[in-house]
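Reading through the structure tokens given below for one structure.
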Amino acid sequence: MAKISRLAGLAADLALGLPVRAVPYEIRRDVSVPMLDGVALLANHYRPVGVDGPLPVVLIRVPYGRDGAFGQVFAAPLARRGFQVFMQATRGTFGSGGQFRPFTTERDDGLATVDWLRKQEWCDGRIAMIGGSYFGHTQWAVAPYADPPLTCVAPHITSANVTNRLFYEQGVPSIHTALSWSAQIGRQERPGLLAGMPDPRVRTRVRRALGRLPLQAVDVQVAEAPVPFWRDFVAHAEPGDDFWAQADHDGADLSRMPPVSMVTGWWDLFLGGNLADYTALRAAGVPARLVVGPWLHGEPGELRTIVRTDAAWLDHHLRGGPAPSGAPVRVHLQRANRWLEFEEWPPNAVREKVLILGSGGGLAEVPEPEDRGGPSRFTYDPARPTPTVGGPLLQPPGKQADNRLVEARDDVLVFTGPLLSEDLDIVGPVSATIHVRTSIPYADVFVRLCDVDEKGVSRNVVDGIRRLDPRTLDAPGIEPGPDGVLAVPVELFPTAYRFRAGHRLRVQVSGGAFPRYARNMGTDEPFATATAGRPCHFEVFHDAARASQITLPALDG
């Protein structure tokens with residue numbers, strides 16, 4: 001059995017791209033840790049064999065189980081390298097007591113766990129945390145508040161502000177992500193080897209459920225039982241609801257953060273928040289490193305990079321190993337098959353390239369002196385919501401897709417630029433300002449940048465959405481103008497992407513992107529219970545005084 005275990009470890013290291021290591025270790029399972037309210041959380045404790053005295057602890061707090069794939073990918077490789085690892089199941093999951101109410105209890109539980117670890121004779125007081133996605137966020141719930149501070153952290157493919165950056169992006173509920181994840185966590189502890197794994201049948205049920213109204217109880221259709229997270233998600237989506245405030249940590253004192261290592265992907269749904277966190281950390285003087293690759297959430301290449309960087313990061317900070325080399329920011333330039341290095345993010349070596357949306361469907365660097373053709377018009381109807389293809393999703397399919405069928409719809413405006421005479425590299429945040437007038441006050445503005453190749457295939461590169469609501473029209477950036485026209489800022493995802501010579505840039509403007517985002521029903525009825533919608537008529541303006549535009553970070557040289 002020991003020989004089989006060693007062979008399995010060898011195979012795992014090879015699959016993860018790690019140098020093969022075989023430090024013997026033991027696992028103490030079901031270690032109970034008391035929380036402040038008396039609930040006990042269970043953990044697996046990995047410790048190298050034959051080592052006397054206290055050691056630093058690598059803490060991993062995860063809701064997906066202490067064994068199985070997550071243990072083999074994140075804990076065992078570190079244990080084979082001689083690290084002491086404590087992998088804990090979060091509240092209400094895999095034997096831990098209490099109810100799993102995602103994001104809302106992780107600060108208290110995480111701090112209680114850190115305090116307990118520091119009192120154990122086998123812990124030398126130094127604690128690091130690692131992990132991605134949800135167990136990246138559990139680090140944000142602890143690291144800014146731990147006293148004394150943690151030694152280092154590695155919050156990958158996650159965000160300090162997970163609700164506003166992920167589940168309610170610019171006020172729009174991300175229902176595909178929320179229901180897909182609800183289906184996963186609602187099924188993960190059922191009997192069967194594949195209970196917690198992606199299932200094409202469940203994906204089909206998710207898409208069907210999202211097409212039904214009301215949305216309040218569609219979790220039962222995909223998970224065959226109510227899922228507390230989905231019920232919280234639909235019940236606390238309205239402006240001004242502070243239910244999720246305890247789960248958002250971007251307002252924490254970042255000066256208390258230890259050194260940070262981050263890995264994410266250009267097609268990862270957490271990307272925007274991840275990069276905003278990195279920029280804020282560096283501004284606060286925190287030593288931080290960042291890798292961004294061409295990955296969707298949880299793709300093998302992303303996971304391999306996470307595990308490799310974690311091993312090196314922990315070796316440096318816990319054992320005095322070599323410091324990471326190269327610039328602190330390393331990003332993949334898509335469609336160029338090369339990596340770029342920068343000293344900061346966003347990089348300084350860019351210039352703003354502004355493209356104006358023309359009344360004739362063109363993109364130009366100079367605005368039209370007047371809106372000769374008048375505003376561009378379309379109607380968004382929640383009964384036939386504008387679909388979306390590709391983009392950053394929780395599970396495949398995602399990334400780039402052919403957008404031509406969507407662009408052919410009468411509820412999508414399309415603006416296309418001239419042929420590029422040379423390659424254009426854009427690296428950094430992308431933004432748009434759309435001057436729009438809507439027939440009703442409840443509406444969404446969706447903007448997507450596409451790459452049109454020589455054959456006319458239009459592939460999405462980045463996009464963003466912004467919700468208009470009378471209750472939030474005083475939000476920063478929205479500028480009311482005469483005759484009911486609003487200047488609406490839209491934050492698109494950041495990117496590093498090469499538009500090749502001979503290609504064209506294209507911008508889409510529409511009133512939604514379903515089922516990635518909840519359809520806007522055009523009323524003040526909560527989206528969880530809404531069943532009847534109102535069409536919205538849009539006018540998008542182009543004149544010099546109201547020039548709708550997109551701003552790109554063009555890389556010099």
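The values are calculated or read from the model by the stated rules, or taken from the named source; none is laboratory data. All figures in this text were calculated on a predicted structure; none of them were measured in a lab. Backbone-built Cβ (ideal geometry, glycine too); neighbour counts: all protein chains shown. Side chains included, ligands, DNA and RNA excluded: accessible areas come from the protein's heavy atoms. Shrake-Rupley method; radii C 1.70, N 1.55, O 1.52, S 1.80 Å.
Checking region 471-489 against the condition returns no match, with no residue being within 25 Å of Val234 (Cβ to Cβ), modelled with pLDDT of 95 or more and not small (Gly, Ala, Ser). Evaluating Thr551 against the criteria (1) of a type in the set (Val, Ile, Thr); (2) in a strand (DSSP E or B); (3) more than 30 Å from Phe270 (Cβ to Cβ) leaves one unmet condition, (3).
Restricting to region 440-459, give me the number of residues that are part of a loop (DSSP other than H, G, I, E, B) and touching a residue at least 24 places away in the same chain (Cβ under 8 Å). Reasoning before the result, please.
Taking region 440-459 as the starting set, the residues that turn out to be part of a loop (DSSP other than H, G, I, E, B) are 440-442, 453-457.
Still in the list and also touching a residue at least 24 places away in the same chain (Cβ under 8 Å): 440-442, 453-454, 456-457.
Selection size over region 440-459: 7.
Being farther than 19 Å from Ser376 by Cα and among the small types (Gly, Ala, Ser) is the filter here, so list the residues in region 478-509 that pass it. Once the filter is applied, which keeps residues that are farther than 19 Å from Ser376 by Cα and among the small types (Gly, Ala, Ser), region 478-509 yields Ala496, Ala501, Gly502. Only one of the numbered conditions (1) more than 30 Å from Leu468 (Cα to Cα); (2) touching a helix residue (DSSP H, G or I) at 6+ places or on another chain (Cβ under 8 Å); (3) modelled with pLDDT of 90 or more; (4) β-branched (Val, Ile, Thr) is violated by Val227, and that is (1). Of all the residues in region 325-363, those that are surrounded by 18 or more Cβ atoms within 10 Å (Cβ to Cβ) and closer than 23 Å to Pro418 by Cα number 10.
When the test is whether a residue is of a type outside the set (D, E, K, R), part of a strand (DSSP E or B) and either at pLDDT below 95 or farther than 20 Å from Glu238 by Cα (or both), Val462 passes it. Considering the conditions (1) acidic (Asp, Glu); (2) more than 18 Å from Glu106 (Cβ to Cβ); (3) open to solvent by 40 Å² or more (accessible area, probe 1.4 Å), Asp268 is excluded by exactly one of them, (3).
Condition test on Gly92, is it open to solvent by less than 10 Å² (accessible area, probe 1.4 Å) and at pLDDT 95 or above? No. Looking across region 19-40, just one residue is under 18 Å from Arg91 (Cβ atoms), more than 31 Å from the chain's Cα centre (by Cα) and surrounded by 14 or more Cβ atoms within 10 Å (Cβ to Cβ), and that is Val31.
Going through Arg437, Arg409 one at a time, which residue ends up being open to solvent by less than 70 Å² (accessible area, probe 1.4 Å), within 25 Å of Asp543 (Cα to Cα), part of a strand (DSSP E or B) and charged (D, E, K, R)? Explain how you work it out, then say what you get.
On the way: Arg409 fails: part of a strand (DSSP E or B).
Answer to the selection: Arg437.
Just a yes or no: is a residue in region 229-250 crowded, with 20+ Cβ neighbours inside 10 Å and without any contact (Cβ under 8 Å) to a residue 60 or more places away in the chain? Yes, that holds for at least one residue.
Among the residues of region 382-414 satisfying the criterion of being more than 28 Å from the chain's Cα centre (by Cα) and touching a residue at least 12 places away in the same chain (Cβ under 8 Å), which is farthest from Asn337 (Cα to Cα)?
Here is the first cut: in region 382-414, the ones more than 28 Å from the chain's Cα centre (by Cα) are 383, 408-410.
Okay, now just the ones that are also touching a residue at least 12 places away in the same chain (Cβ under 8 Å), so 383, 409-410.
Working: Ala383: 42, Arg409: 33, Asp410: 36 Å.
Applying the filter and picking the extreme gives Ala383.
Val33 meets the conditions (1) in contact with an Asp or Glu (Cβ under 8 Å, 6 or more places away or on another chain); (2) modelled with pLDDT of 95 or more in every case but one. The failed one is (1). Answer yes if at least one residue in region 273-291 is open to solvent by less than 10 Å² (accessible area, probe 1.4 Å), within 18 Å of Tyr497 (Cβ to Cβ) and touching a helix residue (DSSP H, G or I) at 6+ places or on another chain (Cβ under 6 Å), and no otherwise. Yes, region 273-291 has at least one match.
Residue by residue through region 502-529, note down the ones that are hydrophobic (A, V, I, L, M, F, W, C) and touching a Ser or Thr at 6+ places or on another chain (Cβ under 6 Å). Walk me through how you get there before you give the answer.
Here is the first cut: in region 502-529, the ones hydrophobic (A, V, I, L, M, F, W, C) are 505, 507, 509, 513-514, 518, 521, 527-528.
Answer for region 502-529, where residues must be hydrophobic (A, V, I, L, M, F, W, C) and touching a Ser or Thr at 6+ places or on another chain (Cβ under 6 Å): just Ala513.
Checked against the criterion of being open to solvent by less than 10 Å² (accessible area, probe 1.4 Å) and among the aliphatic types (A, V, I, L, M), the candidates Met257, Met262 yield just one match: Met262. Using the structure shown, decide if Val57 is open to solvent by 10 Å² or more (accessible area, probe 1.4 Å), under 25 Å from Leu303 (Cβ atoms) and not charged (D, E, K, R). No.
Within region 485-544, restricting attention to residues that are polar (S, T, N, Q) and over 23 Å from Asn164 (Cα atoms), the residue that is surrounded by the most Cβ atoms within 10 Å (Cβ to Cβ) is Gln508.
Could you list, in sequence order, the residues of region 545-555 that are in contact (Cβ under 8 Å) with a residue 24 or more places away in the chain, open to solvent by 20 Å² or more (accessible area, probe 1.4 Å) and over 28 Å from the mean Cα position of the chain (by Cα)? The answer is Arg546, and nothing else. Scanning region 392-401 turns up one or more residues that are hydrophobic (A, V, I, L, M, F, W, C), open to solvent by 10 Å² or more (accessible area, probe 1.4 Å), at pLDDT 95 or above and closer than 25 Å to Phe167 by Cα.
Within region 329-339, the set of residues being within 22 Å of the chain's Cα centre (by Cα) and more than 19 Å from Leu449 (Cα to Cα) comprises Val329, Arg330, Val331, Trp339. Of the strands (runs of 3 or more DSSP E) contained entirely in region 68-171, those carrying at least 3 residues that are farther than 27 Å from Asp52 by Cβ fall at 152-156. Criterion applied to Val153, Val162 was being open to solvent by less than 20 Å² (accessible area, probe 1.4 Å), modelled with pLDDT under 95 and either small (Gly, Ala, Ser) or closer than 21 Å to Gly298 by Cα (or both), and the one residue passing it is Val162. Scanning region 116-146 for residues that are in contact with a strand residue (DSSP E or B) (Cβ under 9 Å, 6 or more places away or on another chain), open to solvent by 10 Å² or more (accessible area, probe 1.4 Å) and within 21 Å of Ala245 (Cα to Cα) yields a single hit, Ser133.
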